[in-house]
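Take a look at the structure below.
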Amino acid sequence: MNAESAAREHRVTLIPGDGIGPEITRAVVRILEATGVKFQWEESLAGAEAYERYQEYIPKELYLSIERNRVALKGPVTTPIGGGFTSINVTLRKHFELYANYRPIRNLPGLPTHYPGIDLLIIRENTEGEYVGIEHEVVPGVVESIKIITEKASTRIAEFAFAHARKEGRKRIHSIHKANIMKMSDGLFLRCARDVAKRYPDIVYGEHLVDNTCMQLVTNPYQYDMLLLENLYGDIISDLCAAFVGGLGLVPGANLGKDCAIFEAVHGSAPDIAGKNIANPTALLQSGVLLLRHLEETDAADRVQRAIETVYEGKKSLTRDVGGTAGTAEFGDAIIEALTS
Ligand code: NAI
């Protein structure tokens, strides 16, 4: 760490979430602090637990904290199925206009896989599509769910994708769509992407139907470099791609806006394994690496990434989703040891 970095302290909003959220967040905070980077965490509840305590799913203090800090690390939050409150994730993304969901998919060393050498970047539109959540019962037995696609949001996410492709030296972007059926909405998304693509002649632009994309991904994921997707397709395809590199316990993500960012894993709150000290914190930890890069703590980010790779190469301290026997906390200890030795 250089002298300038040692003097800095980063105020970051911390949302432990629920399910496996508190366990993995605890492990990740310990590791990030072991880098020597100084953090001031502002911890806040969200979801059902927040409601019990404050009668609000997203307490005012959480909004104020993110408004102040413009950066947050977030554990997963459970969203009730088929009723109940609106997704906390969707609400925060919309409120802070975190329009781009950035999800890099890469292998870690030492893990057996049918797909070695994956390096795929998923860019998911994060604010509209089916996720606007506008649904109503027209008459009993008939429900209407509205999908919103706008020129503004589609152009904005395409711009983000092409600019990032250039920044990261990527060569190809595929827009993933269903414009043969949703001719107007997905058609508009494609038109916007094509218009932006014209300004980036150095990036090869292609389009695939989303159903075909699932088959293409499983048979030959190497044909893709970056995928640009609407909200729903991005959500689904991200989980599929997580399987290439060892599962949901590994894949990080960032919700990015103009001047605000929330870092969180792709996976959810995994209620089936919550509270057992068996969840894999790697996905949130790799989101922590993205957070460190965002804070311009490049040296610490590189060190944590190297420590993750060392522990995976060593195979001894892995969690059971990736074939090991270590607990969440023990995996965290091994990373700290690799980081500090
Ligand atoms: P999930 O991602 O929580 O779990 C799917 C499967 O992956 C489960 O078998 C789980 O045990 C496993 N898994 C997930 N993360 C893991 C980890 N870190 N280590 C080891 N295994 C892991 O998806 P599910 O079960 O469909 O959703 C559960 C809840 O999470 C739902 O309420 C959903 O709405 C919410 N959710 C929240 C998200 C967020 O806060 N960003 C994102 C996705 C879902």
Filter the range 42-62 down to residues that are open to solvent by 30 Å² or more (accessible area, probe 1.4 Å) and under 20 Å from the mean Cα position of the chain (by Cα), then give me how many there are. 2
Please go through (1) closer than 24 Å to Asn255 by Cα; (2) within 16 Å of the ligand (Cβ to nearest atom); (3) open to solvent by 10 Å² or more (accessible area, probe 1.4 Å) for Ala329 and return the number of the only condition it doesn't satisfy. (1)
Need the failing condition index for Glu144 against (1) over 24 Å from the mean Cα position of the chain (by Cα); (2) crowded, with 18+ Cβ neighbours inside 10 Å; (3) acidic (Asp, Glu), just the number. (2)
Of all residues being part of a helix (DSSP H, G or I) and free of Cβ contacts under 8 Å to residues at least 12 places away in the same chain in the range 147-177, which is least open to solvent (accessible area, probe 1.4 Å)? Just the residue, please. Ala163
Give the range 254-275 a look and list any residue that's more than 8 Å from the ligand (Cβ to nearest atom), part of a loop (DSSP other than H, G, I, E, B) and under 11 Å from the mean Cα position of the chain (by Cα), or say none. none
Go over the candidates Ala301, Ala283, Ala307 one by one and state the one that is of a type outside the set (S, T, N, Q) and within 9 Å of the ligand (Cβ to nearest atom). Ala283
Unique match (being within 23 Å of Glu230 (Cβ to Cβ) and at pLDDT below 95) among Val132, Val143: Val132
Could you list all residues from the range 118-155 that are under 18 Å from Leu190 (Cβ atoms) and touching a strand residue (DSSP E or B) at 6+ places or on another chain (Cβ under 8 Å)? Ile122, Ile123, Arg124, Glu125, Glu128, Gly129, Glu130, Lys147, Ile148, Ile149, Ala153, Ser154
Would you pick out the residues in the range 198-253 that are closer than 20 Å to Ala161 by Cβ, assigned to a loop (DSSP other than H, G, I, E, B) and within 12 Å of the ligand (Cβ to nearest atom)? Val251, Pro252, Gly253
Looking only at helices (runs of 4 or more DSSP H) that fall completely inside the range 6-110, which ones have 1 or more residues that are within 11 Å of the ligand (Cβ to nearest atom), in the same structural domain as Ala261 (by TED's automatic domain parsing) and over 30 Å from Thr340 (Cβ atoms)? 48-54, 88-95
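The values are calculated or read from the model by the stated rules, or taken from the named source; none is laboratory data. Keep in mind it's a predicted model, so treat the numbers as computed, not measured. FYI the Cβ positions are ideal-geometry reconstructions off the backbone, even for glycines, and counts take in every protein chain you see. Surface areas here come from the heavy atoms of the whole protein model, side chains and all, with no ligands, DNA or RNA. Shrake-Rupley method; radii C 1.70, N 1.55, O 1.52, S 1.80 Å.
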